[in-house]
Amino acid sequence: MNTQELLHALDDLDSQNVWLFTPNMLGGVFTEESSKTLLASLDRHVKSGILKKVKKGLYANPRAKSTPPRKLEALVPYLRPRAINYVSQESRLSELGVISQIPVEHLTLMTTGRSQTFNTAYGTIEFTHTNRRPKAILEETVLDENTGLLQATPERALRDLKRSGRNIDLVNSEIYHELTDRSISMEEV
């Protein structure tokens, strides 16, 4: 695939709101190229700046108009497509103002898949495994319409933080109390 062919394909994908893709997705566009040739072309176009390698096997179109403002959240379905995932722990508590530190370019989620951390071109995504059943997860989460991701309730995020053995010293119990209308001691979490 030459540069013009790739740019045309990227523009076509962008018009369909596709800004992230795997080699297999592009393989469907460039059917005449073998897998090996396609990967070599992708590497060449990453070096030239036309493509951005997000992580192994995942690429972004840096000029795509369809790129969402919150790229880390947009990566989640690509990294854990068959699991139930929800934003929790430090990321969720920071959004709610319950902890003062804001995780910059770091997203923490609970997942029914395995625990794993992904270092991507846009930041770090950390998945922590939960054994909770789907029904229980849905009862303690809300859907964020902007990202399409489930978000833990304040209570659930705090319990996840503690059960995962994370640092709870940053939790502001006064703000937590205001959000949940109940006082809390860290021992009861």
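How would Met110, Met25 line up from fewest to most surrounding beta-carbon atoms within 10 angstrom?
Met25, Met110
With Cα atoms as the point set, the radius of gyration and Dmax of the range 3-60 evaluate to 10.4, 27 Å. For the chain, the relative contact order works out to 17 percent when only alpha carbon pairs closer than 8 Å and six or more residues apart are counted.
Against the chain, whose longest principal axis comes from its Cα atoms, helix 3-15 is set at around 40 degrees. With q set to 0.23, 0.24, 0.31 Å⁻¹, the log10 of I(q)/I(0) for the range 100-141, from the Debye formula over equal scatterers at the Cα positions, is -0.81, -0.84, -1.00. Kirkwood radius, the chain, all distinct C-alpha pairs, inverse of mean reciprocal distance: 18.4 Å.
Go ahead and collect, in residue order, the members of the range 38-82 whose backbone nitrogen is under 17 Å from a label point 7 Å along the Cα-Cβ direction of Asp11. Of the residues in the range 38-82, 50-51, 61-67 have backbone N under 17 Å from the label point off Asp11. Taking every lysine pair in the chain that is 8 or more places apart or spans two chains, those with Cα atoms closer than 22 Å amount to 17. Where does helix 35-48 land angle-wise versus the long Cα axis of the chain, in degrees 0 to 90, nearest 10? Roughly 80 degrees, rounded to the nearest 10.
Values quoted throughout were computed directly from the atomic coordinates according to the rules given, and no laboratory measurement underlies them. Just so we're clear, the structure is a prediction, and the values are computed from it rather than from any experiment. Virtual Cβ from ideal backbone geometry, glycine too; neighbours counted across all protein chains shown.
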